[in-house]
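Below is one structure, written out as structure tokens, with a few remarks after it.
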Amino acid sequence: MRIVDDFAGVSIAGMTSENISAESDSPVPANGSSREQSDETTPLLNDQNKPVVLSEEAPSIRNDDEQVVIVEEVKGFKLWLILFTCWIGVFLGAIDSTIIATLSAPIASEFHSLSLLSWLATAYLISNAACQPISGRLTDIFGRGPGLVFSNVFFAAGNLICGLAQDVDAMILGRVVAGIGGGGLMSISTFVGTDLVPLRNRGVIQGIGNICYGLGAMLGGVFGGLINDNSSWGWRLAFLVQVPPILVSAVLAAYLIRIPPKVSEKSYLARIDFTGSFSLIVFLVLLLLGLNSGGNIVPWIHPLPLTTLPLSLAAFIAFIIWESRAKQPVIPVRLLLDRTVFAACMTNLLCCMVNIIALYYVPVYMQSRGSSATDSGSVIAVASIGICFSSVGSGLVMRKTGRYVVNTYSINSTLLRVTLGVFAVSLQLASSIILTTANENTPKWPLMIAFLLLSSGQGAMLTVTLLACLAAVDHSHQATVTSATYAFRSVGGTVGLTIASAIYQNVLKTELWERFGDLPGAADEIHRIRDDLDELKHLPGGWYDGVIASFMEAFRSVWFAMVGLSLLALISVSLMKQHKLHSTLARNERD
């Protein structure tokens with residue numbers, strides 16, 4: 001659908017099939033005041049050739065100041081070209097999120113700043129996570145196309161700054177700018193798919209998008225390492241090489257994506273919830289800054305985490321209070337009162353905690369036993385298989401059946417819902433249980449099975465919970481509820497790493513002191529062991545077996561934490577109710 005030339009086929013949100021079948025050629029005033037004209041199926045153009053007749057939102061969550069256009073469903077080659085344009089950004093954004101894994105050391109060495117190591121990843125993560133939740137509301141106002149172009153340009157600018165950076169400050173600035181763009185690339189691409197594809201078919205599209213993200217995230221470190229090791233430009237080329245394709249994506253997005261925004265008589269600025277946006281960004285930035293810096297960049301008793309974490313709580317409370325009263329909120333908090341939406345968001349938070357813990361700590365576990373980085377990478381690589389099959393597979397099941405709650409049973413008056421989400425989270429639970437059996441002699445194949453199950457569960461969970469959220473809310477709130485799920489995912493990943501780090505470090509420290517605390521020089525040696533795995537190759541005589549046993553206890557505690565989080569996620573996902581997965585964008589077909 002094109003805004004001016006091809007407005008035919010636009011449907012009205014929330015209308016019945018009787019309304020849709022009605023025909024009228026009467027002009028409709030731009031202010032939408034005539035109730036008789038709300039049955040139009042083809043909006044007219046005013047004297048300035050601008051679209052004016054748009055749909056009213058459903059009365060469940062009404063917004064009298066805005067109207068919504070539902071575009072004609074795009075099919076065939078054009079749809080796939082639009083989606084491919086979006087997925088370019090998703091793939092490169094995912095690469096950029098993990099590329100630092102292999103590039104941080106050479107970058108820090110060139111700038112002679114070891115403190116830069118942590119900030120390279122943290123700067124991108126925080127700016128990325130902070131921008132995702134507000135992108136839904138902003139693109140409702142300004143449009144998906146302009147939002148995606150903006151994100152592509154920012155992402156390209158950030159990588160260009162990094163590739164040309166001559167000092168530490170410029171490097172961190174580049175990561176922040178790239179993170180802003182990357183956050184938009186991830187979320188707005190999801191909005192575009194939701195705007196163009198009916199819910200019943202949406203799972204397959206989302207599954208392919210998840211594959212692009214998963215493959216990009218896994219290939220980021222490999223991509224960065226290969227370019228750094230085989231190019232005279234070194235690590236700089238890894239950033240610069242991303243600029244041309246993302247600019248091509250920006251041009252294609254500007255030309256192809258013609259999804260009209262919500263329309264209102266108010267000005268753009270008057271419709272932006274500046275207070276809500278600011279408080280949400282402040283909350284996420286302070287929370288993620290405190291959690292990422294505490295115990296990593298600085299000690300937990302440092303003023304940075306001690307200041308940022310309480311302030312983040314205050315900002316969160318302010319955000320909730322303001323959004324509950326705002327007429328046009330960034331994320332309507334009342335949406336979270338819906339049982340399915342809240343359960344799906346909590347499932348995202350918990351499962352992302354489990355997933356990120358495994359991704360970070362299984363390689364550390366393997367390297368503590370003497371495995372190489374390549375061996376660790378081969379274990380994680382099987383995750384791509386699970387993501388590919390489960391993401392698309394769950395979408396195909398939902399397209400075939402129209403359901404994500406397969407059946408409901410009553411046991412002693414207690415409803416038991418068998419859902420795709422329960423199955424997905426059960427796979428992650430099984431993966432966590434397998435890890436609890438690992439010891440210093442465990443071969444690679446059980447770990448590979450664990451990652452296969454973990455990634456299969458994660459891919460299906462992301463697809464199913466997103467579809468459940470979208471189906472549970474009115475069409476006009478699809479972007480904002482999607483933004484909410486992304487916020488829960490970002491916070492979940494950071495909180496998961498914080499919890500795992502605290503458990504790992506405390507158990508390892510306790511175990512080492514219990515075994516070696518009475519020996520001469522124990523304090524210095526224990527400190528070196530906790531900070532550097534290479535120290536395992538230079539242990540004093542008689543220490544090795546005890547140190548390895550201490551490491552295994554620390555990792556086992558982390559794995560049991562994953563089991564606990566998986567059980568909570570299983571409870572959460574089982575609370576989701578079935579909502580209709582509509583076969584049309586207008587959601588007007590009969591049951």
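The values are calculated or read from the model by the stated rules, or taken from the named source; none is laboratory data. This one's a predicted model, so the numbers in the text were calculated from it and none came from an experiment. Cβ sites come from the backbone with ideal geometry, for glycine too, and all protein chains shown count toward neighbours.
Applying the set (1) free of Cβ contacts under 8 Å to residues at least 24 places away in the same chain; (2) over 30 Å from residue 221 (Cβ atoms) to residue 308 leaves exactly one unmet item: (2).
Residues considered: 379, 364. Of these, the only one that is at pLDDT below 85 and surrounded by fewer than 18 Cβ atoms within 10 Å (Cβ to Cβ) is 364. Scan region 228-260 for residues that are under 24 Å from residue 71 (Cβ atoms) and under 23 Å from the mean Cα position of the chain (by Cα) and the total you get is 5. Among 575, 567, which is the only one that is surrounded by fewer than 18 Cβ atoms within 10 Å (Cβ to Cβ), assigned by TED's automatic domain parsing to the domain that holds residue 478, in contact with a helix residue (DSSP H, G or I) (Cβ under 8 Å, 6 or more places away or on another chain) and not in a helix (DSSP H, G or I)? Exactly one residue qualifies, and that residue is 575. Please go through region 236-269 and pick out each residue that is more than 21 Å from residue 81 (Cα to Cα), surrounded by fewer than 22 Cβ atoms within 10 Å (Cβ to Cβ) and among the aliphatic types (A, V, I, L, M). Residues satisfying the conditions are 237, 240, 241, 263, 269. Quick one: residue 214 ticks every box in (1) surrounded by fewer than 21 Cβ atoms within 10 Å (Cβ to Cβ); (2) over 24 Å from residue 269 (Cα atoms) bar one, so which box is it? Of everything listed in (1) surrounded by fewer than 21 Cβ atoms within 10 Å (Cβ to Cβ); (2) over 24 Å from residue 269 (Cα atoms), residue 214 misses just condition (1).
Residues are listed down the side, and each one gets a yes or a no for (1) touching a Leu at 6+ places or on another chain (Cβ under 8 Å); (2) within 22 Å of residue 269 (Cβ to Cβ); (3) at pLDDT 90 or above; (4) not assigned by TED's automatic domain parsing to the domain that holds residue 404:
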position	(1), (2), (3), (4)
140	no, yes, no, yes
150	no, yes, yes, yes
171	yes, no, no, yes
197	yes, no, no, yes
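Here 239, 191, 223 are screened, and the one residue that is under 30 Å from residue 587 (Cα atoms), assigned to a helix (DSSP H, G or I), assigned by TED's automatic domain parsing to the domain that holds residue 83 and of a type in the set (Phe, Trp, Tyr) is 191.
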